[in-house]
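J.: Here's a structure for you.
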Amino acid sequence: MTVPTPPASAVAAGADAPHRPGWWRTNRLALIALVLLAPAVGLGVGANEWYSYFGYGMRKVTPVVVPDQGTVELSGAAWGPVRSGEIADTSGMDMPEGTRLLAAIVPVAPEGRAVSCEPPVLVQQSTGREWTPMRSEIGIPYNSDEPERCISSLADEDDPESAQPYSLTVAFVVPSDVEGPFWLEVDPVGDGRFVRFSIDP
C-alpha cells in the first residue's frame, strides 16, 4: 500500500509558512518596562518606609548631646543635669527573673510655657537596644510629683508664662547581663532634635 502524495497547494503552504518571532522578541517591550520600573518601585517603597520611620516627626535623627553633669536648652526648656543609678532593693516589686532596675531623674525647667515630650528611652550605646519606662508594670504606683513624661499643662491657666520646674523620673527593667554605658533620650514635641544624656548606672 502506498501513501498518497499530498496536494501541491499543501506542500507550498508548508514551505512558505511565515517565521514566528521568539519569546524574547515578542515580549521585549514588557521586559524593557520591567527593567526600568523595578528599580523605581524599589526606591519608592524604600523611601516611603524610611520616611514612615524617620519622617512625620516619628523618629528624631539629630541628637543634642548633653555634657556630663551639664544642661542643655532645647524646645523652650532647660534639661538636666541627669542623675541615674541602679535600684538594688526591689522588694515588693514585680520584677521578672534575671533583670535589674535602672532609674534616672531629669530636671526640666520650662522657659515660660510648659513643654511636651514623650517618655524617655534608654538605649544601650554598644548595641542600640532600647527600653521604655516601666512603672505600673512592676507595681510602682503613679505619682504626680514624679512624672514619666513632660507636664504639658500650665501651672496657672491665666498666666501662660508660669510653668514650674519639675523632674522626670523613669525606671527601666533591663536584663541582668546588659552593661552600660547607655543613652537616656528625651524627645520634645515640636522639634526635629532630641536630648541625649550619656549615663552608666
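The values are calculated or read from the model by the stated rules, or taken from the named source; none is laboratory data. Note that the structure is a prediction, hence the values are computed from the model and not measured. Glycine gets a Cβ as well: all are built from the backbone with ideal geometry, and neighbour counts include every protein chain shown. Side chains included, ligands, DNA and RNA excluded: accessible areas come from the protein's heavy atoms. Shrake-Rupley method; radii C 1.70, N 1.55, O 1.52, S 1.80 Å.
For (1) in a loop (DSSP other than H, G, I, E, B); (2) modelled with pLDDT of 90 or more; (3) more than 20 Å from Trp131 (Cβ to Cβ); (4) open to solvent by 50 Å² or more (accessible area, probe 1.4 Å), each residue gets a yes or a no:
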site	(1), (2), (3), (4)
Ala155	yes, no, yes, yes
Asp158	yes, no, yes, yes
Glu161	yes, no, yes, yes
Ser167	no, yes, no, no
Phe172	no, yes, no, no
Val178	yes, yes, no, no
Glu185	no, yes, no, no
Asp191	yes, no, yes, no
Arg196	no, yes, no, no
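J.: Right, another one. Give the stretch 87-112 a look and list any residue that's part of a loop (DSSP other than H, G, I, E, B) and open to solvent by 30 Å² or more (accessible area, probe 1.4 Å), or say none.
T.: Correct list: Ala88, Asp89, Thr90, Ser91, Gly92, Met93, Asp94, Met95, Pro96, Glu97, Gly98, Glu111.
J.: Considering the stretch 180-199 alone, what residues qualify as being without any contact (Cβ under 8 Å) to a residue 60 or more places away in the chain and in contact with a Ser or Thr (Cβ under 8 Å, 6 or more places away or on another chain)?
T.: Pro181 - this is the single residue of the stretch 180-199 that is without any contact (Cβ under 8 Å) to a residue 60 or more places away in the chain and in contact with a Ser or Thr (Cβ under 8 Å, 6 or more places away or on another chain).
J.: What number of residues within the stretch 68-101 satisfy the criterion of being within 25 Å of Gly192 (Cβ to Cβ) and either β-branched (Val, Ile, Thr) or touching a helix residue (DSSP H, G or I) at 6+ places or on another chain (Cβ under 6 Å) (or both)?
T.: Final tally of qualifying residues: 3.
J.: Among residues belonging to the stretch 67-77 that are loosely packed, with under 15 Cβ neighbours inside 10 Å and either under 13 Å from Cys117 (Cα atoms) or charged (D, E, K, R) (or both), point out the one that is farthest from the chain's Cα centre (by Cα).
T.: Only one residue fits best here, namely Asp68.
J.: Which one of these does Val115 not meet: (1) of a type in the set (Val, Ile, Thr); (2) modelled with pLDDT under 90; (3) surrounded by fewer than 15 Cβ atoms within 10 Å (Cβ to Cβ)?
T.: For Val115, the exception is condition (3).
J.: Another question, if that's okay. Scanning for something at pLDDT 95 or above and outside any loop (DSSP other than H, G, I, E, B), does the stretch 130-140 turn up at least one residue?
T.: yes
J.: Here's a check for you: in the stretch 118-153, which residue that is basic (Lys, Arg) and open to solvent by 70 Å² or more (accessible area, probe 1.4 Å) is nearest to Asp187 (Cα to Cα)?
T.: My answer is Arg149.
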